[in-house]
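Here's the structure, in structure tokens; my notes come after.
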Amino acid sequence: GSGMAVASVSTITSASPESWQDAIERGFDRARKTLRNITGLQVLEEKARVEDGEIVEYLVTLQVIFVLEESSD
């Protein structure tokens, strides 16, 4: 239909023992399962947890931009 499309944003946090890239992909994968019509992604924050001089966990905060379509039914 000709209903208006509304952009919305969801903020999610994700973690990985491997890398920030992996944490981003895990977070995006999770978002993709629950959100439809994702149009963009922004990394708001990258953090890491360190133990004994080693990074043990990579943490990211993601903003997922998606479009809410007005239902035509």
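Using the Cβ-Cβ distance between Glu51 and Ala5 with R0 = 35 Å, the FRET efficiency computed as 1/(1 + (r/R0)^6) comes to roughly 0.15. Summarising the amide proton neighbourhood of Glu57: residues at separation of 5 or more, or on other chains, whose placed amide H is nearer than 5 Å comprise Arg49. Taking the chain as a Gaussian network of alpha-carbon nodes connected by springs under 10 Å, the highest mean-square fluctuation of the residues Gly27, Gly40, Gly53 belongs to Gly53. Electrostatic bookkeeping for Met4 treats Lys and Arg as +1 and Asp and Glu as -1; over the other residues with beta carbon under 10 Å from its beta carbon, the sum is -2. Estimated at the nearest 10 Å², the accessible area of Val64 is 0 Å² with a 1.4 Å probe. Derived scalar couplings between HN and Hα for segment 57-64 equal 8, 9, 10, 10, 10, 10, 10, 9 Hz in order, rounded to whole Hz, by the Karplus curve 6.51 cos²θ - 1.76 cosθ + 1.60 (θ = phi - 60°), x for Gly and Pro.
Per residue, the average separation of C-alpha pairs within less than 8 Å and at least 6 apart gives the chain a relative contact order of 46 percent. Loop-located GluC sites (Glu not before Pro) in the chain (DSSP state other than H, G, I, E, B) with a sparse environment of at most 14 neighbouring Cβ atoms within 10 Å: Glu18, Glu70. Altogether, the Stokes-Einstein calculation at 4 °C and 1.567 mPa s, with the Kirkwood radius of the chain over Cα pairs as Rh, returns a diffusion coefficient of 96 µm²/s. Surface composition of the chain: carbon and sulfur atoms hold 47% of the protein heavy-atom accessible area at a 1.4 Å probe.
The values are calculated or read from the model by the stated rules, or taken from the named source; none is laboratory data. Please read all numbers here as calculations on a predicted model, not as lab measurements. No Cβ is skipped: glycine too gets one built from the backbone with ideal geometry, and neighbour counts run over all protein chains shown. Side chains included, ligands, DNA and RNA excluded: accessible areas come from the protein's heavy atoms. Shrake-Rupley method; radii C 1.70, N 1.55, O 1.52, S 1.80 Å.
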